[in-house]
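Worksheet for the structure shown next.
The values are calculated or read from the model by the stated rules, or taken from the named source; none is laboratory data. Bear in mind that the values here come from a model prediction, so they are computed numbers and not experimental data. Every residue, glycine among them, receives a Cβ derived from its backbone with ideal geometry; neighbour counts consider all protein chains shown. For the accessible areas, the whole protein counts, side chains as well, though only heavy atoms, and no ligand, DNA or RNA atoms are used. Shrake-Rupley method; radii C 1.70, N 1.55, O 1.52, S 1.80 Å.
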Amino acid sequence: MFDLALTGGRRYWSWVVFLLLLMGVGLFFYLQQLQHGLGITGLSRDVSWGIYIAQFTFFVGVAASAVMVVLPYYLHDVRQFGRITILGELLAIAAVTMCMLFIFVDMGQPTRVLNVLLHPTLHSLMFWDMVSLSGYLLINATVAYVMLNAEYKGVPAPGWIKPVILLSIPWAISIHTVTAFLYNGLPGRHLWFTAILAPRFLASAFAAGPALLILLCLLLRRLTSFDAGREAIGKLGVVVAYAMAANIFFLLLELFTALYSQVPDHIHAFEYLFFGLEGEAGLAPLMWGSVVLGVIALVALLVPRLRRNEKILATAAVLVFVSLWLEKGMGMIVGGFVPSPLGAVTPYAPTLPEWAIVAGIWATGGLLITFFYKIVVAVRAAN
Amino acid sequence: MKVTRKDFLRIAAGSVVAAGTGTLVHALSGSAPATAATVGESKQRWGMVIDLRQCRQQGECDQCIRACHQTHNVPEVPNPAHEVKWIWNEPFAKVFPFQQSEYTRQADGGTLPVLCNHCASPSCVRVCPTKATWKRGDGIVMMDYHRCIGCRYCMAACPYGSRSFNYVDPRPHLRQVNPEVPTRSAGVVEKCDFCTARLAKGELPACVEACPQGAMVFGDLNDESSPVRQLLAERYSVQRQPHLGCGPSIFYLV
Ligand code: SF4
Ligand code: SF4
């Protein structure tokens with residue numbers, strides 16, 4: 001079945017080569033980082049996590065969002081999703097792989113990665129994040145392989161896979177909850193110290209992930225014989241609309257708590273994000289960009305007449321994805337470090353090597369998705 | 001957390017260094033010598049009292065800092081973003097942001113030394129995925145540079161900014177090397193270790209010894225007759241951010 005990914009036209013192979021090139025550039029800069037240390041990044045003593053960890057957080061969300069097609073189909077019999085659950089599961093596999101790479105490139109001593117297993121530390125949330133992410137990868141890889149293989153052979157899927165699929169639903173929620181716990185259990189990091197961090201993460205995940213899936217479905221329809229169907233894509237649009245509304249609502253809740261209570265620590269965290277501190281604009285342009293894009297997208301998604309127009313839906317999906325990428329893939333994590341425990345306002349911006357490594361990991365995810373979806377399209381076309 | 005704390009105590013009980021510090025508490029306080037077992041049961045808790053009145057009298061002073069950084073091979077990395085520091089000076093208003101207002105004289109209270117607080121309930125230890133940072137039976141929060149994977153989770157978790165990461169190879173940035181203390185490699189976290197190596201030899205921490213004013217007093221917080229406890233009983237003291245629940249072992253006399 002895997003050989004299906006190896007047959008393709010010129011366009012397909014040029015795309016694959018392009019991704020491989022990006023991966024090569026990323027690898028080159030990663031080797032530089034290995035040699036010189038994380039000093040070649042924009043990280044500092046005060047802002048000690050940056051785009052690697054932020055992107056990790058964002059893509060855990062993308063991975064978890066597979067549940068937004070799996071759950072409606074298997075628990076509520078939403079038949080339109082029948083054709084695309086596999087797309088969600090495969091997207092989850094690619095996203096979790098990216099997450100693992102983002103964690104790996106962030107490590108100062110990557111050769112010691114096995115220490116996490118050799119000295120399992122139950123009171124560290126990072127240990128549990130590793131457990132939940134690898135479990136999720138295993139579940140989705142199993143489900144996707146078994147389902148696709150059954151389709152390929154033209155036989156019904158074995159009965160035992162159903163409970164595994166059902167298990168993937170709470171497991172998806174768990175990966176993003178544990179990821180939120182990484183941050184919101186820390187004393188003194190006021191931006192993260194909020195009980196609704198996990199719900200916020202889930203809401204933004206369930207908006208960004210399905211938005212990406214909409215775009216992938218539209219792309220598949222244009223480029224291949226695979227059509228997810230108008231109805232499925234429309235339903236995904238509804239999912240994105242609700243999740244985005246919840247996400248913005250949660251953000252407003254946070255702002256109310258901070259601004260009305262006037263507790264300085266809580267205000268400073270948001271002040272830095274949206275207005276900057278001590279003359280450092282910092283993340284403000286990025287965060288306002290995120291808000292503006294998010295609100296425009298939400299309006300487009302909430303009005304049924306607009307949402308049903310596929311061009312508008314596609315645009316809204318792009319806006320949602322970019323908006324949340326800015327907020328969660330950068331602002332949420334970097335913002336947690338400013339001001340520092342000693343009140344320092346230290347700016348952070350990724351350096352060129354950092355961007356190249358990030359792009360290399362995106363390309364890796366893109367390559368996986370390309371191969372996976374190629375197989376799906378080929379299997380479906382054969383039937 | 002109870003169980004894990006006990007785990008650390010057990011590790012500490014077996015450690016030779018911990019036994020060594022038992023001798024010191026004996027020397028300092030005159031109490032009965034602590035056996036390895038009683039050390040493991042956390043008879044001691046090392047702590048420090050810093051008298052800001054004394055400290056301020058010295059004006060712009062960095063003798064404790066220099067002594068510490070020389071003793072421990074702390075590099076002088078030129079790029080401030082990659083700075084490594086175990087003890088350093090900070091303005092009063094930054095260290096105690098909620099202890100001052102525009103009307104109080106603390107507002108221009110000069111600078112004061114800050115270092116790892118060797119917390120009773122250290123969040124850095126709680127989050128570390130490899131136990132590369134752990135708390136000994138005598139309260140000292142330690143680092144194992146050979147186990148640390150450089151994930152920097154402990155830096156996110158420490159609410160005092162006490163930890164430094166080696167963003168670059170520190171060795172080229174050492175003026176001279178103290179052969180008794182290991183140098184570090186790039187990619188690991190480090191911080192103050194309360195001079196465990198000196199304690200084991202029955203010596204006081206380097207910063208305490210270096211202070212020309214005697215502003216830093218070191219001793220066992222669990223021993224009522226220790227000099228630190230006497231100072232705490234006599235004078236008004238504060239800890240950094242006590243409301244966060246970490247339980248700092250460093251006290252400041254204001
Ligand atoms: S001050 Fe920070 S590094 Fe030191 S023990 Fe407390 S939490 Fe850990
Ligand atoms: S950087 Fe090292 S000491 Fe800190 S949490 Fe990670 S492994 Fe533990």
Karplus 3J(HN,Hα) series, Hz, for the range A:360-367 with 6.51 cos²θ - 1.76 cosθ + 1.60 (x for Gly, Pro) | x, 6, 4, 4, 4, x, x, 5
Starting from the coordinates of the alpha-carbon atoms of the range A:245-331, obtain the Kirkwood hydrodynamic radius over all distinct pairs and give the value in Å to one decimal.
-> 14.0 Å
Give, rounded to the nearest 20 debye, the magnitude of the charge dipole that the protein assembly as shown has about its Cα centre when Lys and Arg contribute +1 at Cβ and Asp and Glu contribute -1 at Cβ.
-> 1580 debye
Where N is the number of residues in the range B:37-253, Cα Rg divided by 2.2 N^0.38 Å = 1.00
So what's the range A:257-383 giving for Rg/Rh, alpha carbon basis, Kirkwood Rh from the mean inverse pair distance?
-> 1.12
Whenever you get a sec, line up B:Asp220, A:Asp265, A:Asp227 from highest to lowest accessible area (probe 1.4 Å, protein heavy atoms).
-> A:Asp227, A:Asp265, B:Asp220
Label A:Leu118 and A:Glu310 with points 7 Å out from Cα along Cα→Cβ: what is the distance between them in nm?
-> 5.5 nm
With the 8 Å Cα cutoff and a minimum separation of six or more residues, the range B:37-253 has a relative contact order in percent of 32 percent
Cα gyration tensor, the range A:179-265 - rounded (a/c under 1.5), prolate or oblate | prolate
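In whole percent, what relative contact order does chain A give with Cα contacts below 8 Å and a gap of six or more residues?
31 percent
Does the range B:142-254 come out rounded, prolate or oblate by the C-alpha gyration tensor, with a ≥ b ≥ c the root eigenvalues, rounded set by a/c under 1.5 and, if not, prolate when a/b is larger than b/c and oblate if not?
In terms of gyration-tensor shape, oblate.
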If you average 1/r over all unlike Cα pairs in the protein assembly as shown and invert the result, what Kirkwood radius do you get in angstrom?
-> 26.6 Å
Tell me, what is the Rg over Rh of the range A:312-383, with Rh the Kirkwood radius over Cα pairs?
-> 1.18
Whole-Hz ³J(HN,Hα) from phi, Karplus 6.51 cos²θ - 1.76 cosθ + 1.60, for the range A:374-382, glycine and proline x = 4, 5, 4, 4, 5, 4, 5, 5, 5
By how many degrees, between 0 and 90 and to the nearest 10, does the Cα long axis of helix A:161-184 differ from the longest principal axis of chain A?
-> 10 degrees
Residue-by-residue Karplus 3J(HN,Hα) for the range A:288-305, coefficients 6.51, -1.76, 1.60, Hz, glycine and proline x | 5, x, 4, 5, 4, 4, x, 5, 4, 4, 4, 4, 4, 7, 6, 7, x, 4
Go through A:His268, A:Ala198, A:Tyr12 and say which Cα lies farthest out towards the positive end of the charge dipole of the protein assembly as shown; charges sit on Cβ, +1 for Lys and Arg, -1 for Asp and Glu.
-> A:Tyr12
Positive-pole candidate from A:Leu148, A:Val113, A:Gly331, dipole of the range A:2-382, charges at beta carbon | A:Leu148
